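Take a look at the structure set out below.
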Amino acid sequence: MISFERRMDSVEFRIHSEAHIVVDDTICRDCSVRGCITACPADLFVPTSDGGILFNYEQCFECGTCYLVCNEEGAISWNYPEGGHGVVFHSS
Amino acid sequence: MNPPTSTDPGCVAACVKWVDLSPETDPTSGLPVPSAHSWGFSEADRSAVEVALRLADDRGTDAVVVCVGPPDAQWALGELAAAGAARAVLVTSGNPGDTRGGASSGETARILADILGPVGLDADTVVCGDISLDRGSGSVPALLAHHLELPQALGLISVDLGDRPRIGGATRDATTTLMGVRRLDGARRERVGIPARAVMSVEGAVAPLRRAPLGRAVEARRRVQRESSPRRPEPVRPARILQWRPPPRSLPAPEGTDAFERVVSLTGALEERTPPRVVELAPPQAAAEILRQLHRWGYLTDAGAAGAEATAAKATGSEPTDPVTAEPRP
Amino acid sequence: MTEHTAERPSSDNDDFDAIVVGAGPAGSAAALELARAGRSVLLIERGPFPGSKNMYGGVIYGRILDTLVPQWWTEAPIQRWVTRRQTMMMTGEQALTVDYRTEAWGRPPYNGATAYRPDFDSWLADKAVEEGATLVCSTTVTGLLTDSGRVVGVSTDRPDGDVRARVVIAADGVNSFLAKEAGLYGEVDPANYTVGVKETIALPRSVIDERFAVRGDHGVDIEIIGCTGDVPGGGFLYTNSDTIAVGLVLSLPALAAGGRRPEELLAELKLHPAIAPLVEGGEVKEYSAHVIPEAGYDMMPELVGDGIVVAGDAAAMCLAAGLWLEGVNFAIGSGAAAGRACHGALRKGDTSAVGLGDYRRRLESSFVLKDHRKLREAPHLVMGELAQQKLPAMACGVAEDMFTVTNPEPKAGLMRIVRRQMRTNGVKLRSVVGDTWRALRAFG
Ligand SMILES: Cc1cc2nc3c(=O)[nH]c(=O)nc-3n(C[C@H](O)[C@H](O)[C@H](O)COP(=O)(O)OP(=O)(O)OC[C@H]3O[C@@H](n4cnc5c(N)ncnc54)[C@H](O)[C@@H]3O)c2cc1C
Ligand code: SF4
Ligand code: SF4
């Protein structure tokens with residue numbers, strides 16, 4: 001199995017300086033399900049030792065999985081990145 | 001050819017190159033894969049357009065974007081120019097079947113000079129990206145400056161426009177039109193004054209290109225003017241491969257009244273010197289010997305040298321021994 | 001949104017007759033139809049080029065293009081024509097495959113073709129541009145412009161980014177924030193969605209030809225069930241010219257609850273003895289992911305509002321039910337219908353929900369809603385436990401018992417084997433009969 005880094009290296013991301021998805025991890029602390037951690041195909045939700053969530057937006061597929069599975073209102077504010085930025089597929 | 005003429009003489013031109021931004025190789029064969037969607041303009045070129053737009057704004061003239069490249073570049077060039085350029089000119093090589101551009105640096109610079117020169121757009125200032133991504137050398141702006149007989153300020157990492165918001169980190173002084181900062185070797189920087197008429201090249205971080213307003217973006221694809229290159233690319237001569245030699249370095253002229261004295265002073269042949277001594281020792285003794293030598297030359301105090309000797313002795317479990325002096329090897 | 005609002009008085013301040021949001025297959029088909037009818041249309045795409053944001057399994061059923069782009073097969077960017085289609089049921093180390101091949105699918109008018117979406121979507125958008133549509137890329141639509149409840153345009157993330165038109169077609173894909181903003185969706189239930197992950201794996205063309213026993217531009221389509229562990233879903237494997245696409249479709253709530261990550265499950269599929277030899281030695285060229293509206297007919301929103309129609313995945317018109325993984329054809333079909341309906345409404349001068357009502361009628365009488373209505377039950381059946389785990393295990397078990405030679409024991413009769421397998425896999429005759437009956441009704 002290839003490493004996750006190699007896997008994500010195969011994808012082009014035209015990264016914008018501003019995050020298009022923002023996670024309010026004060027809300028995550030009350031979340032028991034934490035579905036985002038296993039469901040995000042880009043593995044961008046990382047639990048921290050103090051019960052929060054560390055989120056990085058850079059390698060996001062803009063798929064929508066996270067806001068669909070998230071059960072806590074307001075934890076994720078989800079937008080598309082500015083036009084022309086974000087993931088760019090070539091052979092999918 | 002009749003190069004496009006300027007409606008507004010003294011325009012500011014940005015020159016951009018259509019390149020493969022993320023060249024792809026076939027992982028199984030290692031061969032380059034032609035990819036339709038990875039071509040575009042580099043950050044440096046986009047930055048050049050932004051600098052040109054701000055300069056034109058500042059001077060109340062037009063900005064023009066020029067690209068020597070293949071017909072494929074047309075739409076992307078239009079989108080680039082939509083950020084605010086009065087127009088965009090695409091010069092195709094005139095070679096049928098040339099889909100990727102492919103003029104040499106010399107050829108490109110000559111074509112650009114024809115377009116931008118006094119009989120063409122008559123550009124006052126030309127801004128290029130510093131080095132194109134496809135293993136470029138940054139020579140097009142230099143050659144262009146030569147053809148246009150303009151001064152050059154290349155590899156800028158910031159440009160200052162005066163009372164306008166500065167671009168990057170440079171600040172302007174009163175005497176020159178424009179101030180820039182250039183990267184030099186050895187992590188040094190140089191501040192350069194740039195005259196009003198000049199060729200510049202800028203790095204990608206100098207000024208992020210502004211977004212085109214929607215109306216202009218919608219119009220973008222219709223705005224590009226297509227030119228055919230007047231010249232066929234010159235026949236390619238096989239390059240002569242020369243051995244690498246260190247670049248020449250200028251030294252002050254040797255002192256002396258006659259030739260003999262000058263040769264002596266140049267070579268240092270008759271000067272006093274201590275002949276070199278070569279020693280072979282185990283590392284602890286070598287360290288001790290180095291310290292002793294430093295002491296002898298006066299770089300170390302007595303106490304420091306003695307302490308070092310003791311340490312060396314402890315490390316080897318023996319009294320310091322005299323080094324074996326070996327003959328210098330031929 | 002069915003009440004009739006008065007027709008808009010003036011169209012002087014409209015920039016275009018129509019705005020289409022999203023240059024996927026639905027949006028480009030809509031723009032193409034509108035432009036061909038002589039309408040001014042703006043097609044807005046947020047990616048740097050059409051298709052840059054889009055991934056899918058890999059097979060396009062192109063017959064729907066016959067009316068839009070005659071002889072499309074001579075110019076569309078196709079990788080391979082599918083002439084061999086397999087359905088594979090698997091358990092941990094077993095696999096039972098139904099393998100169908102026909103040369104007929106390898107010549108015009110063809111059936112399915114593999115293609116890369118960045119190529120295909122760009123091509124289709126170019127067709128719309130050739131007909132006169134205006135395409136603007138790198139532009140994200142951020143919301144609807146409304147005038148007393150009626151959609152009159154969109155705002156975008158560019159400076160001076162508002163643009164107005166008499167009708168807006170939301171073809172913005174599965175997340176369709178526009179359809180949601182227009183109030184056309186009810187409650188959004190994650191159970192109606194799956195997420196697809198896939199690896200595009202590079203292999204030399206000759207190796208693909210050999211491994212999959214195909215020649216020239218012919219290729220294979222494999223649909224797999226029973227390969228996703230506890231997470232309801234399915235798998236697929238398609239051949240392109242010099243890559244293969246291997247992927248999984250996974251139910252969102254189960255994925256979120258199950259503690260298994262998508263790429264782990266995908267790695268397991270690639271290690272399965274039936275799949276490993278097919279992917280061996282390949283290099284991952286691109287990894288990708290995208291959400292699918294899985295529940296089909298039952299999750300569809302209202303299709304029209306005042307000044308707005310919804311097409312393609314934005315209206316959940318994707319058929320993802322085990323044996324089928326189709327969406328591009330439905331997107332093109334619904335997009336084209338939306339384009340024609342909008343043209344009609346513009347001609348009549350009534351782009352209210354009532355004036356646009358023709359869109360739904362067109363879909364009802366075409367394969368788009370006919371298929372979806374017919375297969376309404378299919379997603380629930382295919383995602384149920386029986387189809388996901390018990391049936392694959394039982395089918396493989398029956399095959400194994402049938403073909404394992406147990407000499408000197410005499411061969412067991414088929415009925416005995418079936419009964420034994422049903423017992424070990426906990427399958428009740430009643431539920432099989434019931435589900436088979438439901439399946440016959442659902443798929444028949
Ligand atoms: C894993 C997977 C496998 C699949 N396999 C198949 C298959 O084998 N065969 C098949 O036929 N179908 C398949 N599908 C389904 C198919 O991909 C979709 O049904 C189809 O792409 C829908 O087309 P569309 O035009 O409606 O939406 P999309 O293709 O999603 O296009 C929407 C477009 O809108 C743009 N957009 C979205 N929001 C905005 C905005 N705010 N502003 C501007 N632009 C915006 C997007 O960038 C995108 O280009 C699969 C889907 C998945 C996820
Ligand atoms: S599911 Fe939502 S609330 Fe829970 S951890 Fe993830 S982002 Fe936070
Ligand atoms: S949109 Fe998809 S890829 Fe991006 S963070 Fe959410 S789940 Fe992960």
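Every read-out reported here was derived from the displayed coordinates using simple, explicitly stated rules and does not represent laboratory data. Remember, it's a predicted structure, so these values are computed and weren't measured experimentally. Here the Cβ positions follow ideal geometry from the backbone for every residue, glycine too, while neighbour counts run over all protein chains shown.
Helical content alone sets the calculated 222 nm signal of chain A at -4000 deg cm²/dmol, taking -39,500 (n - 2.57) per DSSP H segment of four or more residues and averaging over every residue. The phi-based Karplus calculation (6.51 cos²θ - 1.76 cosθ + 1.60; θ = phi - 60°) puts the 3J(HN,Hα) values of region C:166-181 at 6, 8, 10, 9, 8, 10, 9, x, 4, 7, 2, 5, 6, 4, 5, 4 Hz, whole numbers, x for Gly and Pro. A straight Cα-to-Cα reach below 19 Å connects residue C:428 with the lysines C:390, residues fewer than 8 places away in its own chain not being considered. Taking Cα atoms only, the orientation of helix C:328-348 departs from the longest principal axis of chain C by about 20 degrees. Distance from the C-alpha centroid of region C:348-386 to that of region C:413-429: 39 Å, rounded to the whole angstrom.
Spatially, region C:47-116 and region A:24-51 are offset by 37 Å when compared through their Cα centroids. The relative contact order of chain C comes to 20 percent, based on Cα pairs under 8 Å that sit 6 or more residues apart. Overall, chain C carries a charge dipole of about 1560 debye about its Cα centre when +1 sits on the Cβ of Lys and Arg and -1 on the Cβ of Asp and Glu, all other atoms neutral. As a length-normalised measure over Cα pairs under 8 Å and 6 or more apart, the relative contact order of chain A settles at 41 percent. In region C:347-444, a dipole from Cβ-located charges (positive for Lys and Arg, negative for Asp and Glu) runs towards its positive end, and of C:434, C:406, C:386 it is C:434 whose Cα lies farthest in that direction. Shape of the protein assembly as shown from the C-alpha gyration tensor: oblate (a/c of 1.5 or more and a/b not above b/c, with a ≥ b ≥ c the square roots of its eigenvalues). Rounded, prolate or oblate: which fits region C:191-293 when a ≥ b ≥ c are the square roots of the eigenvalues of the alpha-carbon gyration tensor, with rounded for a/c under 1.5 and prolate only if a/b beats b/c? Here region C:191-293 falls in the prolate category. Listed by chain and number, the lysines whose alpha-carbon sits under 17 Å from that of residue C:285, ignoring those within fewer than 8 places in the same chain, are C:53, C:198, C:270. Dipole magnitude for the protein assembly as shown: about 1880 debye, using +1 per Lys or Arg Cβ and -1 per Asp or Glu Cβ, origin at the Cα centre. For a straight C-alpha distance cut-off of 28 angstrom, the lysines reachable from residue C:370 (same-chain residues fewer than eight places away being disregarded) are C:127, C:180, C:348. Distance between the 7 Å Cα→Cβ label points at residue C:403 and residue B:269: 9.4 nm.
Relative to the dominant Cα principal axis of chain C, helix C:117-130 is inclined by about 30°. Checking every one of the GluC sites (Glu not before Pro) in region C:163-221 against DSSP loop status and a limit of 16 other Cβ atoms within 10 Å picks out C:187. The three principal axes of the Cα atoms in chain C give end-to-end lengths of 89, 48, 39 Å, sorted in falling order. Each peptide in C:13-26, B:76-89 gets a packing score, the mean of other Cβ atoms within 10 Å over its residues, and the list from highest to lowest is C:13-26, B:76-89. Pairs of Cα atoms nearer than 8 Å and 6+ residues apart set the relative contact order; for region C:191-293 it is 41 percent.
With a Förster radius of 60 Å applied to the beta-carbon distance between residue B:43 and residue B:250, the computed FRET efficiency rounds to 0.95. Applying a DSSP loop filter and a limit of 15 other Cβ atoms within 10 Å to the trypsin sites (Lys or Arg not before Pro) in region C:172-235 leaves C:215.
In chain C, the longest principal axis of the Cα atoms and the axis of helix C:414-424 are about 70 degrees apart. Per-residue shielding of C:109-117, expressed as the average number of other chain Cβ atoms within 10 Å of the residue Cβ, stands at 1. Summing Cβ point charges (Lys, Arg +1; Asp, Glu -1) relative to the Cα centre of region C:1-146 gives a dipole of roughly 660 debye. For chain C, adding -39500 (n - 2.57) for each run of n ≥ 4 DSSP H residues and dividing by the number of residues yields -9500 deg cm²/dmol at 222 nm. Each part reduced to its alpha carbon centroid, region C:261-335 and region C:144-171 end up 29 Å apart. Quick check on region C:384-443: take the gyration tensor over C-alpha atoms, sort the square-rooted eigenvalues as a ≥ b ≥ c, and tell me if it's rounded (a/c under 1.5), prolate or oblate. Note, shape of region C:384-443 comes out prolate.
Between amide H atoms placed 1.01 Å from N, distances below 5 Å from residue C:145 occur with C:152, C:153, C:154, C:155, all of them 5 or more places distant or on a separate chain.
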